[in-house]
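What follows is a set of notes on a single structure, which appears directly below.
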Amino acid sequence: MEGLGRTRRDRITRLGQLALPLTAGAVSWLVPLAFTTGFGGAMSDFDIYLGGARSIFTHAQMYADGPNQFVYPPIAAILFLPFLLGPALLWKILWAFASWAALMAVVHRLGLRGWAGSVAAAVAIGTATPVTMATRLGQIEILLTCLVILDLVPGSRPSGRRVIPLPAGWLVGLVTAIKLTPALFIVHLLLTRRWRAALTATVTAAGLTLIGFALLPGDSVFYWGRLATTGSVGFASDPIYLDNQSVRGAILRLFKLGPAAGPVALALAGVCIAIGLFAARRLSRRGLEGAAVVLVGLATALASPVSWTHHFVWIVPLAVILLTHRTGRLVAVSGTLLVVWLWLAPYGALPAGGMKELDYTAGEILLSGVTPVLGLVLLVGALMTDVGGTVRRTESTRPETKPASTRS
């Protein structure tokens, strides 16, 4: 009887730990929504995804110009076809809960478990600006970030159950086929000599892209042709816009779209990628794959031509790494400042849109460019100083081991 009682208490405890973050997400999203735009105006980006999928059947132009244009490869529209079945509102709610559940799994995978992980996930889901913004827009970014981490970082699963074994790298390939920039993780796999995972990711990404060409040849030729000739996927918003917190966005605001902005931004983006990859390889060789993957994710966001605030969901796993690992002072300070800065996003108070960024004062330019500065300092710090193992070795936090073969 005592054993049955303990089992029941454990189940209740686990349900509570699962319910807390989901409740925090629902309250932070649904309550404000009910008093503002209502559910009809929720998740505008998710509606864009549905529009891309719907164009397959309506024969409308998938990549039509405008503020609500679809900017992902054709395979992404194909993958969204199932979401056209049933009411969109139901899918939006399920999408939000799936995103939160994935973030909970990442917090657990990176070492925060039990009530500590539950509370951390709840605080992140309910208050971190990149997460709340991604939820409000119905963005895919939370899921993409989490899929990469769950694919590449070894560790136990929240349920404690085994799933059908799949080769490491296939989720990275899926994410790369959808959003392109995660291809940097394939480079990371190559640099860390994880040949099989790199091959799996490459074949998966290439295979899905070829499926897009086979099913939607016209849209595929247009999308990839435009990308090859202009380097653009068709963003309507100008990259100088304040919410673009990438290196390029900051440089464009600093140079006020001057001719030197492009080359300088490209050079600094290359620096971010190089430092991020080599710092990640250093960490990976020491068995700290969680920290390594997070660094590559941050480098990807910083180096991307356009990284909106909601693309920096990476600060949540970064916060977990900082909580569970010993770090040098430079990493600890710069990482904490970056997390707090993007978590609160105080730069959002600056005037933005309509090219107002061209009229920024020196102080406003500085505030709008804090993110890439802190990010670059963090990458340099991770390359130059030590990041140690996990802080405490208990049931709730265990040291990472160097990945030999991971399963997702």
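The values are calculated or read from the model by the stated rules, or taken from the named source; none is laboratory data. These numbers come from a predicted model, not from an experiment. Here the Cβ is made from the backbone with ideal geometry for all residues, glycine too, and neighbour counts use every protein chain on show. Accessible surface is based on the protein model in full, side chains and every heavy atom, while ligands, DNA and RNA are left aside. Shrake-Rupley method; radii C 1.70, N 1.55, O 1.52, S 1.80 Å.
Computed values, structure above
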{"quantity": "For the stretch 282-380, fraction of C-alpha pairs farther apart than 15 Å, in %", "calculated": "63"}
{"quantity": "Ordering of 209-221, 58-70 by burial proxy (mean other Cβ atoms within 10 Å per residue, highest first)", "calculated": "209-221, 58-70"}
{"quantity": "FRET efficiency estimate (nearest 0.05) - Cβ-Cβ, residue 7 to residue 356, R0 56 angstrom", "calculated": "0.40"}
{"quantity": "289, 364, reordered so the largest accessible area comes first (probe 1.4 Å)", "calculated": "364, 289"}
{"quantity": "Rounded to the nearest 10 Å², the accessible area of residue 115 at probe 1.4 Å", "calculated": "130"}
{"quantity": "Test item: Cα-centred dipole of the chain, Lys/Arg +1 and Asp/Glu -1 on Cβ, debye", "calculated": "1720"}
{"quantity": "Overall dimensions of the stretch 127-279 by Cα: Rg and Dmax, Å", "calculated": "18.0, 56"}
{"quantity": "DSSP H segments from the chain that extend 15 Å or more along their own axis, Cα-based, with Kyte-Doolittle mean of 0.0 or above", "calculated": "2-34, 44-58, 88-109, 114-127, 141-152, 195-215, 261-285, 289-303, 329-344, 370-384"}
{"quantity": "Area of residue 48 that stays accessible when all protein chains are in place (1.4 Å probe, Å², to 10)", "calculated": "30"}
{"quantity": "The chain - mean residue ellipticity at 222 nm from DSSP helices (-39,500 (n - 2.57) per run, n ≥ 4, rounded to 500)", "calculated": "-21000 deg cm²/dmol"}
{"quantity": "Sites residue 266 and residue 34 - FRET efficiency at Förster radius 35 Å, r taken between beta-carbons, to 0.05", "calculated": "0.20"}
{"quantity": "Top of 376, 257, 85 by mean-square fluctuation, Gaussian network on the chain, Cα under 10 Å", "calculated": "85"}
{"quantity": "Estimated FRET transfer efficiency (residue 180, residue 89; beta-carbon r; R0 30 Å; 0.05)", "calculated": "0.50"}
{"quantity": "Relative compactness, the stretch 29-97, computed as alpha-carbon Rg over 2.2 N^0.38 Å", "calculated": "1.17"}
{"quantity": "Cubic angstrom per residue, convex hull over Cα atoms of the chain", "calculated": "151"}
{"quantity": "Largest to smallest accessible area among 10, 151, 45 [probe 1.4 Å]", "calculated": "10, 45, 151"}
{"quantity": "Accessible area of the chain belonging to carbon and sulfur atoms, whole % at 1.4 Å probe", "calculated": "68"}
{"quantity": "Among 142-150, 121-129, 329-337, 314-322, the order from most to least packed when residues are scored by Cβ within 10 Å on average", "calculated": "314-322, 142-150, 121-129, 329-337"}
{"quantity": "Positive-end residue of 67, 114, 350, charge dipole of the chain with Cβ unit charges", "calculated": "114"}
{"quantity": "Pairs of lysines in the chain (C-alpha under 30 Å apart; 8 or more residues apart or interchain)", "calculated": "5"}
{"quantity": "Residue-normalised accessible area of the chain, expressed per residue, 1.4 Å probe, Å²", "calculated": "45"}
{"quantity": "Alpha-carbon Rg with Dmax, taken over the stretch 3-160, Å", "calculated": "17.8, 63"}
{"quantity": "Most to least accessible of 241, 72 (protein chains only, probe 1.4 Å)", "calculated": "241, 72"}
